Structure formats: C-alpha cells, structure tokens
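For reference, the structure is listed below as structure tokens.
The values are calculated or read from the model by the stated rules, or taken from the named source; none is laboratory data. Keep in mind the model is a prediction, meaning the values are calculated, not measured. Cβ atoms come from the backbone with ideal geometry, glycine included; neighbour counts cover every protein chain shown.
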Amino acid sequence: MTIAIIVGIVLAIIGTVAGFMIGKNSQKSVNDLIESEATKRAETIKADALKEGERIKKEKMLESKEYYLQEKAKHEAAVQERNAKVIEKEQKANQLQNSLNSKLENSNRKEKEIDELKAGLEKQMQIVSTRKEQLDKSHDEMVKMLEKVSGLPKEEAKSQLIASMKKDAETEAMSSIKAIMDEAKVNANKEAKKIVIQTIQRTAAEHTIENTVSVFNLESDEQKGQIIGREGRNIRAIEALTGCEIVVDDTPEAILISGFDPIRREITRLALQRLTADGRIHPARIEEVIEKTKKQLEDHIREIGERTVIDMGVQGLHPELVRYVGRMRFRSSYGQNLLQHSREVANLCATMASELGLTPKLAKRAGLLHDIGKVPDEESELSHALLGAKLCEKYGEHPAIVNAVGAHHDEMEMKFVISPIIQACDAISGARPGARREMMEGYIKRIADLENLAISYDGVDKAYAIQAGRELRVIVESDKVTDKRAEELSFEIAKKIQDEMTYPGQIKVTVIREKRAVSVAR
C-alpha cells in the first residue's frame with residue numbers, strides 16, 4: 001500500500017513537471033486531462049498495491065502458522081522424551097528400593113538366625129562347662145587313687161613314664177633310621193650310577209685337542225724375509241707387541257707361532273695375515289695392524305660369547321660374563337678347549353638336573369660359568385674356582401650358581417643341591433677318553449713326584465696325592481713331629497712344590513698328625 005502511494009505521488013510530480021515544461025500558457029483542458037489520467041493511474045496502482053499487500057500478508061500468516069506447528073511438534077517430542085526418561089528413572093528407583101527391601105528382609109532373617117544360634121551355643125557352652133567340671137573332678141579323684149595305689153607322687157610317676165616312653169621311642173627310631181640309611185645307600189648308589197650313565201649317553205661330545213703352537217702358511221718363502229725384516233727388526237717388533245715367539249725354520253712356506261696364550265697367538269696370526277696380504281711390513285705398520293687386530297678380536301670374542309649364550313639358552317647374563325664366555329674359546333686346559341668343555345659340562349648338568357627333578361636352566365647356567373675364573377683380564381692369586389665365584393657374585397648371579405662355581409674343586413662348602421652336580425659333570429667331561437692330552441705316564445710320574453717330595457722330609461710316615469694331584473695329604477709320626485712343626489711342614493712342602501714342580505691350577509697340602517693311645521686289657 002505504501003509503495004502504491006509513493007508511485008502515485010511520483011507520477012503526479014512528473015505530470016506537474018511536464019505541464020510546467022510545456023508552458024505556463026498551455027490550455028487548461030490539457031492539464032485537467034493529465035491530472036485525471038494520473039489520478040486514475042494512481043488509483044489503479046493503489047488497488048494493485050493493496051492486493052499485493054493482502055497476498056503477502058496471507059503468505060506470512062501461513063508461514064508463521066507452519067513455523068508454530070513445527071515448533072509445537074518439537075516441543076511435544078522433547079516433552080515426551082523427558083517424560084520417558086523420568087518414567088525409566090522412576091522404574092529403576094522402584095527396582096532398587098525393592099532390592100534393598102529384599103536385602104533388608106534377608107538381613108533381618110539372618111540376624112534372627114544368628115541370635116538363635118548364639119543362644120544355642122551359649123546353652124552348649126554351659127553344658128560343656130558343667131561336663132568339664134565333672135571330668136576335672138573325676139580326673140583329680142583318679143590321680144589321687146593312682147598315687148595311692150603306686151605310692152608315687154604325680155610328677156615323679158609322670159617323669160618316669162615319659163623317660164620310659166622316650167627310651168623305647170629312641171630305640172625304635174635308631175633301628176628304623178639304620179634300616180632306612182642302609183636302604184637309602186643301596187638305592188642311592190644304584191640311582192646315582194643310573195643317572196650318570198644316562199647323562200653321559202645322552203650327551204655327545206667332540207674329541208678335540210688344543211695345541212700351544214699355531215702354523216701360519218705363506219704363499220712363498222720370500223715372505224719369510226719380509227717378516228724377519230732388516231737385521232730382524234720386524235720379527236722383534238711382532239714378538240714384543242704380541243708376546244709370542246715367531247719360529248722361522250726350513251719348513252717350506254710356513255712359520256710357527258709359539259705361545260701359551262691362545263688369544264695372543266690368534267692376534268699374531270691375524271696380524272701376519274694382514275701384513276702379508278698388504279705387503280707393507282715395517283715396525284710402524286706392524287704396531288698399527290696389531291692394535292687394529294686386538295680391537296677386532298675383542299669384538300669377535302664378544303660375538304662368540306653372545307652366540308654361545310644364545311645357543312645354550314642362557315638368558316640375562318651380564319655383558320662382562322658374556323665376554324668371559326667368549327674368551328674361553330681361546331683357552332685350553334690339558335689340551336681340552338675350555339669353551340667346548342664348559343658347553344659340555346652345561347649340557348651334562350642340565351640333563352642330570354632333569355633326571356633328579358631339579359631346575360635344568362639353573363644347572364646349565366652354573367655349568368657354563370664353572371670355569372669362568374680361568375679367563376680373567378688380570379692375574380689373581382686366587383684359584384680359578386674362587387675367582388669364578390667372586391666374578392659371578394660381582395655380576396649378580398644367583399647364590400646357588402656362586403656356590404657351585406666356587407665349590408666344584410671343594411674349595412668352598414657346598415650349600416646348594418646343584419653344587420655336587422657341577423663337580424660331577426666337570427669330572428665326567430675331563431675324564432672321558434680323548435678329552436685331555438695328558439698321557440698316563442706323565443700323570444703317574446707327577447703323582448709319584450709329589451709323594452716322594454713329601455716323604456723326603458723327616459718325620460713323614462706316608463704321603464698320598466689325591467684328587468688327580470690337586471691335593472697332597474701327608475701323615476706324620478706324632479712322636480717326632482709336634483703340632484707347631486706340622487704347620488711349618490705344610491708350609492715348607494707347599495713352598496717346595498711351588499718352586500720345583502710344574503703343575504696346573506693349585507695343590508692343597510694337608511699335614512695330618514694323629515696321636516693314638518692304645519692299651520690292652522688282660
């Protein structure tokens with residue numbers, strides 16, 4: 001409606017302006033005609049505007065009504081949902097209340113039952129108390145009657161009865177213990193032999209012998225001169241840096257590397273291999289190559305230790321102990337490779353422990369580490385068993401393993417079951433045919449020399465070398481040797497053995513002085 005009025009006003013203004021432009025002196029009829037036309041046009045536009053306004057008003061009313069109905073539907077849905085939740089919560093609350101009422105009823109019923117039981121127990125306790133008083137009274141009467149009949153007081157009769165029963169029990173116990181011990185000895189010997197035989201049969205071992213000499217092959221004899229060097233400077237440098245002796249003789253295309261330390265021999269061999277392949281052999285180059293070889297061999301030793309530990313299934317071993325295991329590859333005992341010996345002992349220990357119902361993993365671990373004291377970085381005054389126990393304790397091994405390592409040559413007291421197993425398996429591995437290089441004649445000669453050395457002292461009656469020559473027991477005459485002299489004698493014999501004999505490991509000297517008093521009854 002407003003638009004139509006504005007349009008009419010605009011048309012009127014236009015008409016007025018047009019009339020004004022035509023001229024003031026135009027005819028009145030023209031103005032009237034234009035005015036009447038503009039009026040009609042304005043009324044028409046006004047009518048159209050009114051119709052348009054009514055149509056828009058109806059559309060807006062319809063839209064408002066539709067929006068109202070939508071909002072009303074949403075509100076009703078929300079109200080229904082809220083009502084449903086309220087009803088659900090009311091149902092849960094009713095169920096909970098019913099459950100609590102039921103539990104309360106059960107609790108009241110149980111309390112009532114407990115009260116009834118309590119009352120019954122109190123009655124029973126009263127009855128028991130009455131009967132106890134009656135029994136005590138009867139007991140006192142019986143005791144008085146027995147004292148009157150036996151003529152002994154109660155305590156004395158009791159002590160005599162206890163002593164008699166104790167004596168009978170001790171006699172029966174001693175006879176039973178003796179029978180059990182005899183039977184256990186017979187069965188133990190059979191079972192021990194059976195377990196040892198089964199263990200040996202189930203373990204396959206290689207027959208290997210380690211030497212103290214390595215042979216290094218050359219491509220030609222001309223390389224011997226290069227290795228020797230001008231005035232022997234090269235060979236002297238190699239020997240000084242490695243600690244091994246290089247023997248160059250008439251053997252074609254070969255030289256000998258001699259040394260008691262297999263690691264040094266291996267370093268020498270690898271260094272010579274590099275030097276001959278390179279061709280540049282002089283003291284500076286020799287020193288450089290030997291240093292590199294030492295580092296590479298150390299890495300190789302760790303790799304051997306890690307591979308051995310994985311192969312044996314031993315887990316959680318300290319890195320230093322793993323390195324010591326790798327060093328055992330380059331150590332031998334009586335010609336028997338120490339790593340192979342330790343692996344063999346570990347397998348024997350695991351098998352024997354399984355046969356005895358013990359833990360195989362613990363026994364295998366102790367068997368692998370039992371000779372770890374033979375490969376220390378520095379020399380020690382301790383025996384290899386005690387040093388090995390010290391190393392195992394230092395690197396956090398189980399107390400049973402520490403004791404087994406230290407006691408496998410009877411240098412510590414055996415406190416765990418696996419300790420004698422390690423000792424037995426070590427003896428089995430070392431005693432099997434072909435394991436060690438020492439010949440019977442040399443072994444017997446060393447034993448005889450030990451005994452003869454001890455017998456040469458005054459006052460010595462007998463001497464016995466036991467434990468494969470690891471211990472010397474000397475029996476002296478008590479009337480010629482005093483206790484103080486016995487102590488001095490053990491020290492002197494040990495010192496003489498150390499100065500005059502060559503032997504592996506250590507030898508324990510025990511001097512025994514026995515005083516016997518004998519009388520004859522006639």
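What is the residue count in segment 328-345 for residues that are surrounded by fewer than 21 Cβ atoms within 10 Å (Cβ to Cβ), more than 11 Å from V375 (Cβ to Cβ) and either among the basic types (K, R) or at pLDDT 85 or above (or both)?
Residues flagged as surrounded by fewer than 21 Cβ atoms within 10 Å (Cβ to Cβ), more than 11 Å from V375 (Cβ to Cβ) and either among the basic types (K, R) or at pLDDT 85 or above (or both) within segment 328-345 amount to 1.
Exactly one condition in (1) part of a helix (DSSP H, G or I); (2) more than 26 Å from R470 (Cα to Cα) is not met by L358; state its number.
With respect to (1) part of a helix (DSSP H, G or I); (2) more than 26 Å from R470 (Cα to Cα), L358 is out only on (1).
Residues to consider are I310, I304; find the one that is in contact with a Gly (Cβ under 7 Å, 6 or more places away or on another chain), β-branched (V, I, T) and at pLDDT 85 or above.
Selected residue: I304, the only one of I310, I304 that is in contact with a Gly (Cβ under 7 Å, 6 or more places away or on another chain), β-branched (V, I, T) and at pLDDT 85 or above.
Taking the criterion of being crowded, with 17+ Cβ neighbours inside 10 Å, not in a helix (DSSP H, G or I) and not assigned by TED's automatic domain parsing to the domain that holds L368, would at least one residue in segment 266-276 satisfy it?
no
Got at least one residue in segment 20-41 being surrounded by 13 or more Cβ atoms within 10 Å (Cβ to Cβ), modelled with pLDDT of 80 or more, more than 60 Å from the chain's Cα centre (by Cα) and not hydrophobic (A, V, I, L, M, F, W, C)?
Yes, segment 20-41 contains at least one residue that is surrounded by 13 or more Cβ atoms within 10 Å (Cβ to Cβ), modelled with pLDDT of 80 or more, more than 60 Å from the chain's Cα centre (by Cα) and not hydrophobic (A, V, I, L, M, F, W, C).
For segment 47-70, does any single residue satisfy the condition of being at pLDDT below 85, touching a helix residue (DSSP H, G or I) at 6+ places or on another chain (Cβ under 7 Å) and not polar (S, T, N, Q)?
No, segment 47-70 contains no residue that is at pLDDT below 85, touching a helix residue (DSSP H, G or I) at 6+ places or on another chain (Cβ under 7 Å) and not polar (S, T, N, Q).
Filter segment 230-260 down to the residues that are polar (S, T, N, Q) and either at pLDDT 80 or above or outside any strand (DSSP E or B) (or both), then identify the one that is farthest from L338 (Cα to Cα).
N234
Name the one entry in V325, V345 that is under 18 Å from E306 (Cβ atoms), aliphatic (A, V, I, L, M) and touching a Ser or Thr at 6+ places or on another chain (Cβ under 6 Å).
Just one listed residue meets the conditions, V325.
Going residue by residue through segment 289-307, is there one that turns out to be surrounded by fewer than 19 Cβ atoms within 10 Å (Cβ to Cβ), closer than 22 Å to R230 by Cα and either touching a Leu at 6+ places or on another chain (Cβ under 9 Å) or in contact (Cβ under 8 Å) with a residue 12 or more places away in the chain (or both)?
no
Here's a check for you: in segment 394-417, which residue that is among the aliphatic types (A, V, I, L, M) and under 12 Å from V345 (Cβ atoms) is surrounded by the most Cβ atoms within 10 Å (Cβ to Cβ)?
This residue is A404.
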